[in-house]
Structure formats: C-alpha cells, structure tokens
C-alpha cells in the first residue's frame, strides 16, 4: 500500500485502481480486527469487502486487458456477480454469517479473468519480459490468493459455526495466503513503478 | 468423533489449498517457460535474418569487387588497346593540307582524352597501383586529383604503413565512398585522412568540415557498404557529425 501511495501519480489507471483495492482491503482488515478485539461479529465487513474487492479487482482486469470481447465478458460477469453478492448479503444470507459462496465465486471469476489476461498475453505479437511486467505480477497475486483459497472458503462457514478452534486454524492458513498475496502485489507495484520511470 | 471429522476437514482444506497452489504455480511456470521459448525463437529468427542480410551484403561487395576487376581489366585490355590502335592508324594517315592536319590533331586529342578517361575509370574501379604502391601513395594521388582552390585534402600517415591487402582495399573503398559523399553533399573545404598504426591496432579516421549528416538516418546503402566492409576486416567503426567542424568515420582495426 505504501509503495502504491508513494508512486500513485506515476502509475497508470489500472494500477491506481489496484492501489485503491489494497487500501480498501487494509481498512476493512483494520476495522474487522477492531471488531474482533471487542468480541463483536465482524462478518458484515467481509460482505462489504467481497463487493468492493471484486468491483475494484474487475476494474483492474478491465483496464489491463485490451481485447474487446474479453472486456465485454468481464463487464457482464462483473455486473452479474455484484448484483448477486448484493442480493445475497441483504436478502438471501444473514449478513452475520460467512459468505462462502460469493467468496468462492469471486475466486473463480478472478481466476477466469487471470486466464483471459494470460491468453491475451501469449497471443499478442509483442513479446514482453514477464519478470519486469507489473501486470504479470499483479495477476499472479490474484492467482496466488483467489485461486488457492477455494477450499478455505468452502469449509469456513461450516467450521466457523461448529468448530471454532479448527476455524481459527483455517484463519491462519488464510492469513499465510494473504501474506503471499500482498508480497506479490508489492512486487507488482514496484515493477510497474520501474516500468514507468 | 466430531472433532476427528473437523480435524480431517482441516487436513483436507490444507491439502486442497496446497494442491491448488501447486496447480496455479504450474500454470504460471508454464506461461513463463512458454514466453521464454517464444523470446528465444524470435531472437534466433532475428539472428538468422541479420546473418542473412550480412551474408547478402558480403556477397554483394565481393561480387562488386570481382565485377570491378573484370570491367577494369576489359577497359584496359580492350578499350584502351583499341584507342591506342586508332591513334596509331591516325598517325599513318597522310595529311595533305593544314586543315586536314588540324582535324587529325583534334582526333588524336579526343582519342587521348578518351584514353585518359578510360584509364581513370579503370583505376577508380580497381587501382592496380594499390597492390604495387600501397594505400598511402594511392590516397596521396587521390588527394591531388580532388584538391582544388575550394577543397584541400590532407593525409596523415606514415609512408612505412604496413597493412594487409584486404584491409588496404577496404580502407580505399571507404575513402572513395566518404569522398563521394563529401564532394556531392558536404560543401566542405577540407578533408583529412589519418591512419595511425599502433602496437596492437590501427586507427583510421576520415573527416571533413562540411555541413554534416544525420547519424540516425545513416541507413543509406553507402553507409551500409562501409559498415559491411568494416565487418569484413573484423574492425569496429563509429560515424560522427559536428556540422562545419568534424564529420566522418573512425575505424579501429585490431592487429
């Protein structure tokens, strides 16, 4: 977040959206942690996070990918998902319960968008050095977290409501993936900053 | 029992997460390796194309030299000899009066001029004296031919300069090429050719004080020819241009 904020002016719109997403995630983490310390149910923040995280993440992919057909796919799926997650939070599921289906769907969609990006990357005539590409690292970060935490989201709801201790173990696993996610995002922002200077 | 189920679930989730991590890691690795393969094959293709162009230019120059040699020989042996024969025949024509004598003298003059031009063309194509006299003397002669009130040519080189025939021919052609450009476009008043032979290298420099040229646009055939000739003698070159001051080429030939 710090690297993103320092270099915000040098970054292109896609990466500014990414920085905004990171800020959003950080704020929600702080607020939900504060609620947890006070022994209050912090799951409403997760519903809120799912919505805005997906909104900003899909904006990043929309701005990064240049293929018009892919952009249309991202746009339509984003609208559908945001609609579903809103309805789910207010009408289907209790806002104080773990929203595992939207979280899983969010993961699948980000993985799909990631594959669209990689497909476009491999098909374009201009070959780029991947290790120096900020976009590549950012999509890798999405893959590393949203792609790998499917099982965590699938069982978190059940374990959270029945076996709190085991739920906390899953929380540790999730936090490990989050550390990897943010580390790779840091590399993405660093590489993007180097690209633009 | 229920705790065991929960424990198993946690193990399942951990294994599942690790598997997914490995899977996506594999996908990324595939993409990186594929991209590296594409970069490598593009580089190979580019190298092949560059080598092909180099070979084409080498062949072009070699063919050019062979043709020049052939044309120079033909001009000397055929045209030169024929003109000499015509001159001899004219000398044998008995002239009756002054006007006939005048016409015959004019014919001999024209033939002589034609023979001189033919000799000059033949020498420019392939100076026979390059083999016998060496580069320094031939360049001095060139300098005398081009020098005038508006343009002076200076040569800074030791008379005892020793270079291989291949290098001498390449440098001679480069001087010809650069001089053509100077005379056509540069509006220069001075040309300086310097050849400095050091222990492990020879440094050649051609400069004029003309209006200069754009180094970024130095992709014309003349510059490419120079670059190819430099490559053929395994040397390095650098074009430079400071208008109205110093424009030209510097070549370093390793011994």
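Observations
- Relative to the longest principal axis of the Cα atoms of chain A, helix A:68-87 runs at roughly 10 degrees.
- Hull volume in cubic angstrom per residue (convex hull over the Cα atoms of the stretch B:145-200): 98 Å³
- Estimated D of chain A in µm² per second, where Rh is the Kirkwood radius over Cα pairs and Stokes-Einstein applies at 10 °C, 1.306 mPa s: 91 µm²/s
- For chain B, built as a Gaussian network whose Cα springs stay under 10 Å, the top-fluctuating residue of B:154, B:87, B:43: B:43
- Chain B - Debye-derived log10 I(q)/I(0), Cα point model, q = 0.13, 0.16 Å⁻¹: -0.96, -1.22
- The orientation-averaged shadow of the Cα convex hull for the stretch B:145-255, equal to a quarter of the hull surface, comes to 6.9 nm².
- Candidates A:105, A:43, A:80, ranked by Gaussian network fluctuation over chain A, Cα under 10 Å, top entry: A:80
- Mean residue ellipticity at 222 nm, helices only, chain B: -22000 deg cm²/dmol; runs of at least 4 DSSP H residues each add -39,500 (n - 2.57), and the sum is divided by the number of residues.
- In this calculation the C-beta distance from residue B:215 to residue B:38 is compared with R0 = 30 Å, giving a FRET efficiency of 0.35.
- When the inverse distances between all different Cα atoms of the stretch A:37-114 are averaged and flipped, the Kirkwood radius reads 13.2 angstrom.
- Percent RCO, i.e. relative contact order, over the stretch B:86-227, from Cα pairs under 8 Å lying at least 6 residues apart: 17 percent
- For the stretch B:10-115, the spread of Cα positions along the three principal axes, ordered from largest to smallest, is 128, 21, 8 Å.
- Rg followed by Dmax, in Å, when the protein assembly as shown is reduced to its Cα trace: 39.9, 142
- In chain A, the calculated helix contribution to ellipticity at 222 nm averages -26000 deg cm²/dmol per residue, counting -39,500 (n - 2.57) for every DSSP H run with n ≥ 4.
- The long axis of helix B:135-146 is offset from the longest Cα principal axis of chain B by roughly 70 degrees.
- Percent of Cα pairs exceeding the 20 Å cut-off, where the set is the stretch B:95-163: 53 percent
- Average Cα contact separation per residue, chain A, under 8 Å, 6 or more apart, as relative contact order %: 24 percent
- Convex hull volume per residue for the stretch B:68-189, taking Cα atoms only, in Å³: 143 Å³
- Principal axis box of the stretch B:1-41, alpha-carbon based, largest edge first, Å: 59, 6, 5
- Extending 7 Å from the Cα toward the beta-carbon at both residue A:127 and residue B:97 defines two label points whose distance is 8.7 nm.
- For chain B, the relative contact order comes to 14 percent (Cα pairs under 8 Å, sequence separation of at least 6).
- Top of B:122, B:99, B:214 by mean-square fluctuation, Gaussian network on chain B, Cα under 10 Å: B:99
We did not get these values from a lab; they are worked out from the coordinates using the rules stated. Please read all numbers here as calculations on a predicted model, not as lab measurements. Positions of Cβ are backbone-derived with ideal geometry, glycine not excepted, and every protein chain shown enters the neighbour counts.
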